[in-house]
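Every read-out reported here was derived from the displayed coordinates using simple, explicitly stated rules and does not represent laboratory data. Just so we're clear, the structure is a prediction, and the values are computed from it rather than from any experiment. Cβ sites come from the backbone with ideal geometry, for glycine too, and all protein chains shown count toward neighbours.
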Amino acid sequence: MPGVTESQGEIKKAFENGMKELSPGPTAILIVVSPLRFTDKGNKFFQDLQNLFTHESFLHFAILVMVRRNELTTGNDGDLMDIKYFMETMASPELQNLYKQCGKRIVAVENLCSTSKKQEYASEVFAAIDKLGGGYFSNTYLEISSLRKQVEKRTCDIS
């Protein structure tokens, strides 16, 4: 693959082997980010993740989990801001792009709270996973990888 270092190639191969071993595979990919701390480094990591998968189908199975929920307040009154409003109006352009690429699937959680509130957040995350429809990412990933290899082989055979 052009532009892929040996270590990236090794990571990709290990990932593909892992996906085969996890059959039928994961039903969701959770991307955990902090709303006010999505930096260039975080954006580069996400770009590297996209390069690892070599296609964007994994985003059909991705859910953003926004931590530090308590940092998003509407002002002096301390009321929590709606996470979707924040994402569409106040998040960095890179984070907004990631949000859109994930199908605007997002759950906001706070880890500095009571156990019962943490259980509520966990239920929200599981509900978001259930809304994905029960597909398995590994099936999609492996099918696309197989098709891509077939196309590459045909291209080589034609040349």
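Descriptive notes on the structure:
- Relative protection proxy for 76-86, 98-108, from highest mean packing down: 98-108, 76-86 (other beta-carbon atoms within 10 angstrom).
- For the pair Thr74 and Thr27, a Förster radius of 35 Å applied to the C-beta separation gives a FRET efficiency near 0.55, rounded to the nearest 0.05.
- Point-to-point label distance, Tyr85-Ser34, nm (Cα→Cβ direction, 7 Å offset): 2.4 nm
- Amide N of the range 86-113 lying under 19 Å from the label point, which is placed 7 angstrom from the Cα of Asp130 along Cα→Cβ: 105-109
- Of all lysines in the structure, the ones whose alpha carbon falls short of 28 Å from that of Lys20, not counting any fewer than 8 places away in one chain, are Lys12, Lys44, Lys131, Lys149, Lys153.
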